[in-house]
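Engineer: Structure below; questions to follow.
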Amino acid sequence: MNGVQILEGATKLFVPEDHSSGGPGKINGSVFFNEQMAFNRDISVMFLRAFNKEMSVADAMTATGSRAVRIANEAPKTIVTANDISAYAIPYIEKNIALNNLTNCTPSNRNLHTLLSENVFDYIDIDPFGSPMPFIHSTIQGVKRHGYLAITATDAAPLAGAHAPKCRRRYQVEPLRGVMCHEAGLRILIGTMAREMAKFDKGLRPMLSFSADHYFRTYLQVMNGAANADAALDSLVYIAFDPVTLERSFSKEKDDKHMYGPFWGGKLFDKEHLSLMRTDGVCVRKKCDKMMSLWKEEIDDIPLMYDMSEIASHLKVTTPRYDTFIERMNEYGRTSRTHISPTGFKTELSLKEIFDVFTEVSKETV
Ligand SMILES: C[S@@+](CC[C@H](N)C(=O)[O-])C[C@H]1O[C@@H](n2cnc3c(N)ncnc32)[C@H](O)[C@@H]1O
């Protein structure tokens, strides 16, 4: 077993020497590890720590055990199963458990479909290569009543509409292109989860959902019961978008105009849980603090975002200063930054009102 020892958060990790350091990454040796996903793992530790209670956790696709061992070490009230189908992963998982002297983490070498058909957990983490869809039914089966699912999707291109036929096949959704494609991709993932969970008379409550680097990630609370399933389905929307006028509109039904979707139209975050999440001791990267403040601020109950660039080129005016524009917009109606783009914004104002404020602030900029 080749490898190097690194420190991630407060946890020692032994990982393959030739591991990936960015992008979707690839297996160079026999076991996968991607340094860039440290942020993704930081957030899962912060998410679980915020509950501050005993919880059973299955990191169902753990590879080196990095996430499982970090959770067990940094959220010490958890009891963690570190599972991977690959036999090559097991020595890494065992070594990482030993390196951190953990007694609350157990290695497991099973196909997650059998693991989750025979055991139930309070929290299940799924982090596959590409789409999570082949694993979704098993995770729904393996999660306890009102438990939590954390799902990563690295098939960002289909979800963001760059490979529409793939998105239609995997998610049975018509994706959107343009400046809002990443928010749309995130909402396709959650909306698809709502449709899949409804088949089991379960609804969902998004706790934390984000787009980052090359992937989408959502943490969902499973809400058991037919009424919750119906409520989740009721949050799905179809979208009409006119790239010439920039006009967007929403409909519960698909029609000739509202042909994109279905997307999750509800909230992306549980702001109360976000307020309990702490970066200290877990995340030394500035990105965690920056994202936490954007997620807390973001208007998440109104799809979809706008971008300064699309408004400036539509109106053929100079782009105003971002902060000044957001501040001015707030004088007229609820407006926020979005974590999805440094030049994006969410607002309850109409397109006409956006154009008016944009033109006004743009004139002051010149
Ligand atoms: C992207 S890697 C996971 C990376 C890991 N979560 C991390 O943060 O470093 C995907 C892993 O899923 C495992 N896998 C694929 N199919 C599986 C299955 N059916 N059951 C369990 N593990 C599986 C692969 O062996 C691989 O190690």
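Engineer: With Thr347, Thr324 as the choices, which residue is surrounded by 15 or more Cβ atoms within 10 Å (Cβ to Cβ), modelled with pLDDT of 95 or more and outside the structural domain of Ala212 (by TED's automatic domain parsing)? Give the derivation first.
Structural biologist: On the way: Thr324 fails: surrounded by 15 or more Cβ atoms within 10 Å (Cβ to Cβ).
The match here is Thr347.
Engineer: Given the conditions (1) buried (at least 20 other Cβ atoms within 10 Å of the Cβ); (2) part of a helix (DSSP H, G or I); (3) among the basic types (Lys, Arg), and given that Lys296 satisfies all but one, which numbered condition is not satisfied?
Structural biologist: Unmet condition: (1).
Engineer: Scan the range 245-260 for residues that are in contact with a Leu (Cβ under 7 Å, 6 or more places away or on another chain), surrounded by 13 or more Cβ atoms within 10 Å (Cβ to Cβ) and either assigned to a loop (DSSP other than H, G, I, E, B) or of a type in the set (A, V, I, L, M) (or both) and jot them down. Please lay out each step first, then the result.
Structural biologist: Filtering the range 245-260 for residues in contact with a Leu (Cβ under 7 Å, 6 or more places away or on another chain) gives 246-248, 260.
Keeping just the survivors that are surrounded by 13 or more Cβ atoms within 10 Å (Cβ to Cβ) gives 246, 248, 260.
The answer is Leu246, and nothing else.
For every residue, the table says whether it meets (1) buried (at least 19 other Cβ atoms within 10 Å of the Cβ); (2) within 12 Å of the ligand (Cβ to nearest atom); (3) farther than 25 Å from Asn73 by Cβ.
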position	(1), (2), (3)
Glu94	no, no, no
Asn104	no, no, no
Arg110	no, yes, no
Phe121	yes, no, no
Arg145	no, no, yes
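Condition check ((1) buried (at least 19 other Cβ atoms within 10 Å of the Cβ); (2) modelled with pLDDT under 95; (3) in a helix (DSSP H, G or I)) across all residues:
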site: Gln221; (1), (2), (3): no, no, no
site: Ala227; (1), (2), (3): no, no, yes
site: Val237; (1), (2), (3): yes, no, no
site: Pro243; (1), (2), (3): no, yes, no
site: Ser275; (1), (2), (3): no, no, yes
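Engineer: Next question. Need at least 2 residues that are more than 17 Å from the chain's Cα centre (by Cα) per element, so show me which helices (runs of 4 or more DSSP H) inside the range 68-185 make the cut, counting only ones lying wholly within it. Don't jump to the end; show me each part of the working.
Structural biologist: On the way: elements: 89-99, 112-118, 136-142, 156-159, 164-171.
The qualifying helices (runs of 4 or more DSSP H) are 89-99, 112-118, 136-142, 164-171.
Engineer: Here's another thing I want to ask about it. With the structure loaded, tell me whether Thr114 is assigned by TED's automatic domain parsing to the domain that holds Ser30, of a type outside the set (Asp, Glu), within 9 Å of the ligand (Cβ to nearest atom) and closer than 28 Å to Gly225 by Cβ or whether it fails that test.
Structural biologist: Values: assigned by TED's automatic domain parsing to the domain that holds Ser30: yes; of a type outside the set (Asp, Glu): yes; within 9 Å of the ligand (Cβ to nearest atom): yes; closer than 28 Å to Gly225 by Cβ: yes.
Answer is yes for this residue.
Engineer: All but one of (1) within 11 Å of the ligand (Cβ to nearest atom); (2) crowded, with 21+ Cβ neighbours inside 10 Å hold for Asn40; which doesn't?
Structural biologist: Just one mismatch for Asn40, condition (2).
Engineer: Among all residue pairs at least 6 apart or on different chains, which show Cβ distances below 6 Å where the first residue, located in the range 77-92, is outside the structural domain of Thr64 (by TED's automatic domain parsing) and the second is within 11 Å of the ligand (Cβ to nearest atom) and at pLDDT below 95?
Structural biologist: Pairs that qualify, where the first residue is outside the structural domain of Thr64 (by TED's automatic domain parsing) and the partner is within 11 Å of the ligand (Cβ to nearest atom) and at pLDDT below 95: there are none.
Engineer: Suppose we filter the range 151-169 for residues that are within 16 Å of the ligand (Cβ to nearest atom) and more than 15 Å from Pro134 (Cα to Cα); how many remain?
Structural biologist: Keep residues of the range 151-169 that are within 16 Å of the ligand (Cβ to nearest atom), which gives 151-156.
Remaining after also requiring more than 15 Å from Pro134 (Cα to Cα): 156.
Residues flagged as within 16 Å of the ligand (Cβ to nearest atom) and more than 15 Å from Pro134 (Cα to Cα) within the range 151-169 amount to 1.
Engineer: A further question on this structure: Please find, among Met207, Met193, the residue that is in contact with a helix residue (DSSP H, G or I) (Cβ under 8 Å, 6 or more places away or on another chain), assigned to a helix (DSSP H, G or I) and crowded, with 17+ Cβ neighbours inside 10 Å. If you could, list the steps in order and put the result at the bottom.
Structural biologist: Details: Met207 fails: assigned to a helix (DSSP H, G or I).
One residue alone meets the criteria, Met193.
Engineer: So, Arg217, is that one within 23 Å of Arg49 (Cα to Cα) and surrounded by fewer than 15 Cβ atoms within 10 Å (Cβ to Cβ) or not?
Structural biologist: Values: within 23 Å of Arg49 (Cα to Cα): yes; surrounded by fewer than 15 Cβ atoms within 10 Å (Cβ to Cβ): no.
Criteria not met by Arg217.
Engineer: Something else about it: Looking at Ala58, Ala75, Ala87, Ala50, can you tell me which residue is within 14 Å of the ligand (Cβ to nearest atom), of a type in the set (Gly, Ala, Ser) and under 22 Å from Thr218 (Cβ atoms)? Reasoning before the result, please.
Structural biologist: Working: Ala75 fails: within 14 Å of the ligand (Cβ to nearest atom); Ala87 fails: under 22 Å from Thr218 (Cβ atoms); Ala50 fails: within 14 Å of the ligand (Cβ to nearest atom).
Of Ala58, Ala75, Ala87, Ala50, the one residue that is within 14 Å of the ligand (Cβ to nearest atom), of a type in the set (Gly, Ala, Ser) and under 22 Å from Thr218 (Cβ atoms) is Ala58.
The values are calculated or read from the model by the stated rules, or taken from the named source; none is laboratory data. Quick caveat: nothing in here was measured; it's all calculated off a predicted structure. Every residue, glycine as well, gets a Cβ built from its backbone with ideal geometry; the counts of neighbours run over all protein chains shown.
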